[in-house]
Amino acid sequence: MRQRPLFKRERRPTRAIRRILLIGLGAFALGTALWQVLPGSPADRPIDSDAGNTEIPLTLEAIDTAERSASKPSKAEMTASAQPVSLESRPNYDIPGEREALEAIESPGTNTAAVEPPTATTAPPEPEPIEERTVTVRSGDTLSTIFEKAGLGYSDVLQVLDLGEEAKQLERLRPGETLVLMTDDGDEFAGLKYDLNANTELNIFRDKGDSLVAEISDLPSEKRLVSAGGTISGSLYQSAIDIGVPPAQVMQLAEIFGWKVDFIRDVRNGDQFRLIYEVREREGERLGTGQIIAAEYVNRGEHYKAVRYTSPDGTTGYYEPDGSNLERGFLRYPVDFSRISSNFNPKRLHPIHNTVRPHNGVDLAAPTGTPVKSAGAGRVTFIGWKHGYGRVIQVRHDSEYETLYAHMSGFNSELKRGSTIKKSETIGYVGMTGAATGPHLHYEFRVNGKPRDPLKVDLPEANPIASKNRQDFLAQTSQALDQLARIQIDVEGEQPVHVARNEHPSSGANVD
Ligand SMILES: [Zn+2]
């Protein structure tokens, strides 16, 4: 299934340069560059370098550079192309092999000084030929039999297994796993690579003194953005899955707009959705998906848009383009519950006391030990035992709002009366202390001192973008919103996005 570019950009000059570079440098550039960036290669690379940290910086600067070099290539810019730049700044990857070569040359987080900046005039020296072959472990194979089949000696096996604890993992090879064996021009053992798990690799190579060295490094991966758009036919979930949106992103989408659209009752055929989200890949293979960067949902003609933003102080949230918050200041449910075992009912007959006693909260059944989260940010006003409530925590959020959590089996040990807590922070664990017939959270929501139904009460909006961050917000989100509008509807599969976005380092948007 071929991905279609969002729109055609005039990128020919840069592409031409890249072609020239590639052809001109030929096998050397590729061979050397690949060799140099191999984690644990004999290049002058410090052992503790963060070569594994190949997260692609989504910087606005990178885009700017690309735009400029696209318009007027010069030798200086050609040299500059050997610097690490954002993948997002590149044109569409539709030339087979080009992307890999570029990544090899530009791989961020690698000691780029080790890679000669390619120029049109100087001819590079001959690299030492190292032959690599990938060997698949078969049933009954050991490192010895693999080396033997490859024409390598048993002394090499002993040396490899003598390289420490990590190398010992080679004694436990499993059928189907692969090893990359490297030999030099004299067909002597030069090293090997072995994936220890999805994220780390064992590298064995010869150092300058020709001794074998073992090193563990993170496998490189790239983060990029993709987009998708579709029309609802039936449910949001099925409609999105049908065009290839991963389930996790569908759930995120529903969560982001959860306060605007009731995805069970309000969804109509003909509604539309668009979203841009992060994916992490290695050599074109998907490792995982990440956060939604921007999204839109059109419900019966009404447009709702969301854009993710991290403020300089590290607060991340989804906002409308005008800066209002899409989230509420409170969680609707402070616990992942299996069922509502008792509703808010001011005239309820109490199950234990058998008298008419108002049930001023809601009972959310969940297994003992399930974390209980503070519904909103606030301050602990009570933590301890309170007759029928058992272990209870009361939180004051502001002059208006107060919440109460009862029957807990235990508290977050760091909390005491007066502690400041964040929204969603774990404050304790579900239990059945006090007058409870089974493990559940009794949850109360009080507005100006009056108990209200926690499941129905209007929850206040979370804070909008602070005025001091407004310019930053607009600058950070304009490109994503612009790209959002360009997403084609009902194109099967993910559409590439060439938007750069500057995340504050503190945001830590993980893609796993
Ligand atoms: Zn209750």
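The values are calculated or read from the model by the stated rules, or taken from the named source; none is laboratory data. Predicted, not measured: the structure shown is a model, and the values here were computed from it. Methodologically, a virtual Cβ is constructed for each residue, glycine included, from the backbone with ideal geometry; neighbour enumeration extends over all protein chains shown.
Would you mind stating whether residue 183 is touching a strand residue (DSSP E or B) at 6+ places or on another chain (Cβ under 7 Å) and surrounded by fewer than 18 Cβ atoms within 10 Å (Cβ to Cβ)?
Judged against the criteria, residue 183 is not a match.
The rows are residues; the columns are (1) under 25 Å from the mean Cα position of the chain (by Cα); (2) part of a loop (DSSP other than H, G, I, E, B).
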| site | (1), (2) |
| --- | --- |
| 455 | no, yes |
| 459 | no, yes |
| 464 | yes, yes |
| 470 | no, no |
| 473 | yes, no |
| 480 | yes, no |
| 485 | yes, no |
| 488 | yes, yes |
| 492 | yes, yes |
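Quick check: anything in segment 264-287 free of Cβ contacts under 8 Å to residues at least 24 places away in the same chain and of a type in the set (Asp, Glu)?
Yes, because at least one residue in segment 264-287 is free of Cβ contacts under 8 Å to residues at least 24 places away in the same chain and of a type in the set (Asp, Glu).
Would you please list the contacts, defined by Cβ atoms under 6 Å and residues six or more apart or on different chains, that run from a residue in segment 453-479 that is not assigned by TED's automatic domain parsing to the domain that holds residue 315 to a residue that is assigned to a helix (DSSP H, G or I)?
Close Cβ pairs satisfying both conditions: 465/473.
For segment 350-367, give me the residue count where each residue is within 13 Å of the ligand (Cβ to nearest atom) and in a strand (DSSP E or B).
Within segment 350-367, residues that are within 13 Å of the ligand (Cβ to nearest atom) and in a strand (DSSP E or B) number 5.
One line per residue, one yes/no per condition, for (1) loosely packed, with under 13 Cβ neighbours inside 10 Å; (2) not small (Gly, Ala, Ser):
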{"position": "337", "(1), (2)": "no, yes"}
{"position": "345", "(1), (2)": "no, yes"}
{"position": "358", "(1), (2)": "yes, yes"}
{"position": "383", "(1), (2)": "no, yes"}
{"position": "400", "(1), (2)": "yes, yes"}
{"position": "415", "(1), (2)": "no, yes"}
{"position": "418", "(1), (2)": "yes, no"}
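Output the residues belonging to segment 373-406 that are within 15 Å of the ligand (Cβ to nearest atom) and not aromatic (Phe, Trp, Tyr).
Within segment 373-406, 386, 387, 388, 390, 391, 392, 393, 394, 403, 404, 406 qualify.
In segment 413-452, which residues are in contact with a Gly (Cβ under 8 Å, 6 or more places away or on another chain), hydroxyl-bearing (Ser, Thr, Tyr), farther than 14 Å from residue 334 by Cα and within 16 Å of the ligand (Cβ to nearest atom)?
433 - this is the single residue of segment 413-452 that is in contact with a Gly (Cβ under 8 Å, 6 or more places away or on another chain), hydroxyl-bearing (Ser, Thr, Tyr), farther than 14 Å from residue 334 by Cα and within 16 Å of the ligand (Cβ to nearest atom).
From the list 317, 329, 323, pick out the single residue that is away from the ligand (no atom under 11 Å from the Cβ), surrounded by fewer than 20 Cβ atoms within 10 Å (Cβ to Cβ) and on the phi > 0 side of the Ramachandran plot.
323 is the lone residue from the list that is away from the ligand (no atom under 11 Å from the Cβ), surrounded by fewer than 20 Cβ atoms within 10 Å (Cβ to Cβ) and on the phi > 0 side of the Ramachandran plot.
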